[in-house]
Ligand code: ME8
């Protein structure tokens, strides 16, 4: 059995957790759940980084001891993780004895190996980042580039770690292991930084009292980052080299935001090299979640209303939105209207309606899940797609492309919707076609079972609901086609994602009546999308080449936020062929593509394909 060890950062408990922390933790949870699903032995670690100056200051403000303050805040993290269905194995606190003893042992090893020495340090320090900034990184105001708060001048006698000694080994490691740091942009940032040279880092503080004392000089406490990074091994039982530690170290994935990738990809590996320990396999630094374009920040009071959105849409919709909407390595702007749109389009419509429709047909026509006796058109295609979906999903998860992973599953969901449509299964209730009807419904339910397995790392509650409705007693984890037993009694099928209409949403007003003669002026034609390209500088627009049967045209469509270019090629659409040509963002457009346009945008198509150029009336 393979093992899989995934971690989140340990978060500062200077205040309650926010959506940025949730984002990282949900992503790590997907990995942990996915690997459990594959039968791997998993350890998922998260926790809090308690010995921080910002924690000390927050405690002081409330008139509490730092420990009492941590004891109050740490449980709010646990509570949020429960609410978000996070399946961590360890919630670690750095005020625990296990950590204190482990961190001290680790420092002793660094010292004994000759990589710790005493020297003098002075510089500008950010109490929120817990980091010194060099003059060249700062403007005259000496403001923290991350928190935009004034920095403090610190001068003291410190212990130093010989980070510079590891420059060449780090460079070689990152070059030789192209997948050590994800995504590539982050790797390049690090390589640039490394090329400019590494300096030794100060790893002790004499002026602070809140922290873990140096094992060989109790006047000093261990610099928070050194102590914090070591949590990834101390939590496993590094101190006693426990069996757990031996099983899981080195970590498979350290998941975090891009703000702290440098600590994890340079300082931490250098410390591990100094201690002769193996390095973690992947350092994944995702982008910033922003709100109205601004970074979320405990310090500056910019946050996302998680409670409100979860109360309205449910935990799974929140998890789904975060993972589906943003490309994982890039920044993403959180927009409640987009959550709403995704809920109605992807969850309620594509998935929820599919389940409901299939269960409805089974209930109406059969006593229980029918036996698939009568293969027919499209069955093999659906089965093949099931297998390619499983394979592609694995690839995407292994490269942390959560959005593409979900899109891959949803392509399959939409394929099953089309299967229902293509086979017109609801028309097959007559005795002579009923066996075929039973087979199509069996296949659709098997597809839904498989879909429930594949979505379970992302939206576990929904996955369970689907399996219960299908009639499975225990959660079935087999990601292979053909495992659904016939004969199960399915449930009536409560909607798993009831459609939500916002109150303020305006009901579309009927337009003023047009004459039939006016309507006839429109030349609507069936067309095939041949090629699609993005338009530079226009996030919402795509440039499409379409075939109208008699001619080819270029059309600009405002659908880039709803469709990926590659998902459009080969689709039949309806084009307004006699619209005046227009130039949009310097690109000529000769016609318009029809689409349903509400919370989401969905292309209008014919129920079954027709010859290109066919008139639509
Ligand atoms: O840095 N968008 O803790 P921290 C996305 N204790 N993710 C965000 C985010 C945002 N706007 N804001 C925060 C620390 N995060 C140290 C870590 S680890 C040995 C020590 C997430 O409470 C993201 O994962 O400041 C980021 O790296 C982390 O929270 C920082 O949490």
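Test of understanding: among 572, 545, which residue is surrounded by 14 or more Cβ atoms within 10 Å (Cβ to Cβ), without any contact (Cβ under 8 Å) to a residue 24 or more places away in the chain and under 30 Å from residue 419 (Cβ atoms)?
So the residue among 572, 545 that is surrounded by 14 or more Cβ atoms within 10 Å (Cβ to Cβ), without any contact (Cβ under 8 Å) to a residue 24 or more places away in the chain and under 30 Å from residue 419 (Cβ atoms) is 545.
Name the residues in segment 213-232 that are within 11 Å of the ligand (Cβ to nearest atom) and either at positive phi or touching a residue at least 60 places away in the same chain (Cβ under 8 Å) (or both), would you? Explain how you work it out, then say what you get.
First, pick out the residues of segment 213-232 that are within 11 Å of the ligand (Cβ to nearest atom): 224-232.
Listed by number, the residues that qualify are 224, 225, 226, 227, 228, 230, 231, 232.
Return the total of residues in segment 292-310 being outside any strand (DSSP E or B), free of Cβ contacts under 8 Å to residues at least 40 places away in the same chain and over 13 Å from residue 84 (Cβ atoms).
Of the residues in segment 292-310, 3 are outside any strand (DSSP E or B), free of Cβ contacts under 8 Å to residues at least 40 places away in the same chain and over 13 Å from residue 84 (Cβ atoms).
Report yes if residue 582 is closer than 30 Å to residue 337 by Cβ and buried (at least 17 other Cβ atoms within 10 Å of the Cβ), otherwise no.
Answer is no for this residue.
Okay, residues lined up against (1) at pLDDT below 95; (2) within 12 Å of the ligand (Cβ to nearest atom); (3) under 30 Å from residue 493 (Cα atoms); (4) surrounded by fewer than 21 Cβ atoms within 10 Å (Cβ to Cβ):
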{"residue": "276", "(1), (2), (3), (4)": "no, no, no, yes"}
{"residue": "301", "(1), (2), (3), (4)": "yes, no, no, yes"}
{"residue": "311", "(1), (2), (3), (4)": "no, no, yes, yes"}
{"residue": "315", "(1), (2), (3), (4)": "no, no, yes, yes"}
{"residue": "336", "(1), (2), (3), (4)": "yes, no, yes, yes"}
{"residue": "351", "(1), (2), (3), (4)": "no, no, yes, no"}
{"residue": "356", "(1), (2), (3), (4)": "no, no, yes, yes"}
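Would you be able to say whether some residue in segment 394-407 is closer than 20 Å to residue 490 by Cβ and in contact (Cβ under 8 Å) with a residue 40 or more places away in the chain?
no
Output yes when any residue across segment 278-286 is in contact with a strand residue (DSSP E or B) (Cβ under 9 Å, 6 or more places away or on another chain), within 7 Å of the ligand (Cβ to nearest atom) and within 28 Å of residue 15 (Cα to Cα), and no when none is.
yes
Can you pull out the strands (runs of 3 or more DSSP E) entirely within segment 521-617 that have at least 3 residues that are within 30 Å of residue 406 (Cα to Cα) and within 35 Å of the chain's Cα centre (by Cα)?
Values: elements: 524-535, 538-547, 552-557, 572-576, 582-584, 587-589, 595-597, 601-603.
Correct list: 524-535, 538-547, 552-557, 572-576, 595-597, 601-603.
Among the numbered conditions (1) at pLDDT 95 or above; (2) out of contact with any strand residue (DSSP E or B) (no Cβ under 6 Å at 6 or more places or on another chain); (3) within 16 Å of the ligand (Cβ to nearest atom), tell me where residue 239 comes up short.
(3)
Having 3 or more residues that are within 11 Å of the ligand (Cβ to nearest atom) and either under 21 Å from the mean Cα position of the chain (by Cα) or under 28 Å from residue 294 (Cβ atoms) (or both) is the bar; report the helices (runs of 4 or more DSSP H) wholly within segment 1-104 that clear it.
Correct list: 19-37.
Of the conditions (1) within 13 Å of the ligand (Cβ to nearest atom); (2) part of a helix (DSSP H, G or I), residue 244 satisfies every one except a single condition; which number is it?
Only one criterion is unmet by residue 244, namely (1).
Being more than 16 Å from the ligand (Cβ to nearest atom) and modelled with pLDDT under 95 narrows it down to one of 157, 131, so name that one.
Just one listed residue meets the conditions, 157.
With the requirement that a residue be without any contact (Cβ under 8 Å) to a residue 40 or more places away in the chain and surrounded by 15 or more Cβ atoms within 10 Å (Cβ to Cβ), what does segment 139-177 give you?
Within segment 139-177, the first condition is being without any contact (Cβ under 8 Å) to a residue 40 or more places away in the chain, and the residues that meet it are 139-145, 150-153, 155, 164, 167-168, 171-172, 175-177.
Result: 143, 144, 151, 167, 171.
When segment 110-131 is examined, which residues are found to be buried (at least 18 other Cβ atoms within 10 Å of the Cβ) and not in a loop (DSSP other than H, G, I, E, B)?
Of everything in segment 110-131, those that are buried (at least 18 other Cβ atoms within 10 Å of the Cβ) and not in a loop (DSSP other than H, G, I, E, B) turn out to be 110, 111, 116, 121, 124, 125, 126, 131.
Which of the residues that make up segment 226-248 are touching a helix residue (DSSP H, G or I) at 6+ places or on another chain (Cβ under 6 Å) and surrounded by fewer than 23 Cβ atoms within 10 Å (Cβ to Cβ)?
237, 239, 245
Kindly list the number of the only condition in (1) in a helix (DSSP H, G or I); (2) surrounded by fewer than 21 Cβ atoms within 10 Å (Cβ to Cβ) that fails for residue 373.
Exception for residue 373: condition (1).
Evaluate the following for residue 487: is it at pLDDT below 95, surrounded by fewer than 19 Cβ atoms within 10 Å (Cβ to Cβ) and at positive phi?
When the stated conditions are applied, residue 487 does not pass them.
Taking only segment 158-182 into account, find how many residues are in a strand (DSSP E or B) and over 25 Å from residue 121 (Cα atoms).
Taking segment 158-182 as the starting set, the residues that turn out to be in a strand (DSSP E or B) are 158-161, 181-182.
Narrowing the set further to residues that are over 25 Å from residue 121 (Cα atoms) leaves 181-182.
Of the residues in segment 158-182, 2 are in a strand (DSSP E or B) and over 25 Å from residue 121 (Cα atoms).
Name the residue, out of 296, 289, 266, that is within 26 Å of the chain's Cα centre (by Cα), surrounded by 17 or more Cβ atoms within 10 Å (Cβ to Cβ) and more than 12 Å from the ligand (Cβ to nearest atom). Spell out how you get there, then give the answer.
Working: 296 fails: more than 12 Å from the ligand (Cβ to nearest atom); 289 fails: more than 12 Å from the ligand (Cβ to nearest atom).
Going through 296, 289, 266 in turn, just one is within 26 Å of the chain's Cα centre (by Cα), surrounded by 17 or more Cβ atoms within 10 Å (Cβ to Cβ) and more than 12 Å from the ligand (Cβ to nearest atom): 266.
Can you go through 380, 394 and tell me which one is in a helix (DSSP H, G or I) and within 30 Å of residue 254 (Cβ to Cβ)? Talk me through it step by step, then tell me what you get.
On the way: 380 fails: within 30 Å of residue 254 (Cβ to Cβ).
After ruling out the rest, the residue left standing is 394.
The values are calculated or read from the model by the stated rules, or taken from the named source; none is laboratory data. In this text, all values refer to a predicted model and were calculated from it rather than measured experimentally. All Cβ positions, glycine included, derive from the backbone under ideal geometry; neighbour counts span all protein chains shown.
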